[in-house]
Amino acid sequence: MIHTFIIRACTDLPVSVCCRVMRVSTSGFYAWQARPVTDKDLDDAYLSNTIVDIWTMSRRSYGSPRVHAELRLGEDIRCSRKRVERLMRQAGLSGIYRRRRRGCTRRDLAAQPSDDLVNRAFNPAEPDQLWVMDVTEHPTADGKAYLAVVLDAFSRRVVGWSIADHMRQELVVDALQMAIWRRRPPAGQTVAHSDHGSTYTSWAFGRRLRGAGLLGSMGSVGDCFDNAVAESFFGTLQLELLDEHRWESRQQLAQAIFEWIEAWYNPKRRHSYCQMLSPVDYEAAHAA
């Protein structure tokens, strides 16, 4: 597909320069230009256009597994995963790959933590059986912004979130309150799992948990695997949004996070845990 790009987009430049920049041989370009176009070439060209559209729609974040899933489930196009990988490689497209997140947990040594009711079993059979919670931070030009989230472990859906310029107890209480308003979980049936951060061991947060009939749970100290679902979500957010721009203000970042969660991650982004459905579609399929 690089040869086609040279033909269409580089008409005013020397072929030798274009081939050198695109890292293809000049002789190979002329050999390709001389041979007739086959039906397979046309099929690859049409499929490549669709792949580029999907990759662009994904905010340039999808790798070949999710592009292949979108072709199969969203576009009803049958093709092999290896073919998608080949065409993406030829078009110079790649997904975003995970890096380790730096945590921001601050533990209150005097607080009494909850027992671990989860034991790393993050695969409930129904929605609203297990919520996981965590806080992350990210710098902007006018200071750090803090994000607290509540995720339903069944679908990995963000059911509550809050952004502030501080990491006091109000931050996590507001995120929890949003989740309670949205989901209305029956008392005594939903485990709310977090780390040992001082906001989660605060009196105000514990009072809100008990008032809503939620069952508090905490993993061990300093072990990211005891809150792996939340850690994974923040890793995705970091790669696909936070690290993609330089944020001038907390307000700018807050607006971007709102749009990413509510317009992209929950309703559209395909999740490997959800059988390559989005969290919203995964819950809808379960309900049906």
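Within the range 61-80, residues that are on the phi < 0 side of the Ramachandran plot have Cβ atoms under 7 Å from residues that are of a type in the set (S, T, N, Q) and not in a helix (DSSP H, G or I) in these pairs: Gly63/Ser94; Arg66/Ser58, counting only partners at least 6 apart in sequence or on another chain. Within the range 248-268, the only residue that satisfies the criterion of being within 19 Å of Met167 (Cα to Cα) and not in a helix (DSSP H, G or I) is Ser249. Of the helices (runs of 4 or more DSSP H) that lie entirely inside the range 7-62, those containing 3 or more residues that are among the polar types (S, T, N, Q) and modelled with pLDDT under 85 span 26-34.
May I ask you to verify whether Phe225 is touching a residue at least 40 places away in the same chain (Cβ under 8 Å) and touching a strand residue (DSSP E or B) at 6+ places or on another chain (Cβ under 7 Å)? No; evaluated as a whole, the condition is false for this residue.
Residues of the range 178-203 that are assigned to a strand (DSSP E or B) and farther than 13 Å from Trp131 by Cβ: Gly197 alone. Here Ala192 meets each of (1) surrounded by fewer than 23 Cβ atoms within 10 Å (Cβ to Cβ); (2) aliphatic (A, V, I, L, M); (3) over 19 Å from Ile257 (Cβ atoms) with one exception, condition (1). Kindly indicate whether any position in the range 102-118 is farther than 21 Å from Tyr282 by Cβ and modelled with pLDDT of 95 or more. No, the range 102-118 contains no residue that is farther than 21 Å from Tyr282 by Cβ and modelled with pLDDT of 95 or more.
For the range 229-247, name all the residues that are closer than 23 Å to Asp195 by Cβ and not in a helix (DSSP H, G or I). Within the range 229-247, Leu241 is the sole residue that qualifies. Beta carbons closer than 6 Å, at least 6 apart along the sequence or on distinct chains, pair a first residue in the range 148-175 that is more than 19 Å from Glu262 (Cα to Cα) with a second that is polar (S, T, N, Q) for Gln169/Thr199; Gln169/Ser202. Within the range 154-177, the set of residues being under 27 Å from Ala287 (Cβ atoms) and in a loop (DSSP other than H, G, I, E, B) comprises Phe154, Ser155, Arg156.
Would you please name the residue that is nearest to the chain's Cα centre (by Cα), looking only at residues in the range 162-187 that are within 21 Å of Ser249 (Cβ to Cβ) and of a type outside the set (A, V, I, L, M)? Selected residue: Ser162.
Tell me which residues, restricted to the range 234-288, are within 19 Å of Leu73 (Cβ to Cβ) and without any contact (Cβ under 8 Å) to a residue 40 or more places away in the chain. Answer for the range 234-288, where residues must be within 19 Å of Leu73 (Cβ to Cβ) and without any contact (Cβ under 8 Å) to a residue 40 or more places away in the chain: Pro267, Lys268, Gln275, Ser278, Asp281, Ala284, Ala285, Ala287, Ala288. Candidates are the residues of the range 247-283 that are surrounded by 17 or more Cβ atoms within 10 Å (Cβ to Cβ) and among the basic types (Lys, Arg); the one that is farthest from the chain's Cα centre (by Cα) is Arg250.
The values are calculated or read from the model by the stated rules, or taken from the named source; none is laboratory data. Just so you know, these numbers come straight off a predicted model, no measurement behind them. Ideal geometry is used to build each Cβ from the backbone, glycine not excepted, and the neighbour counts take in all protein chains shown.
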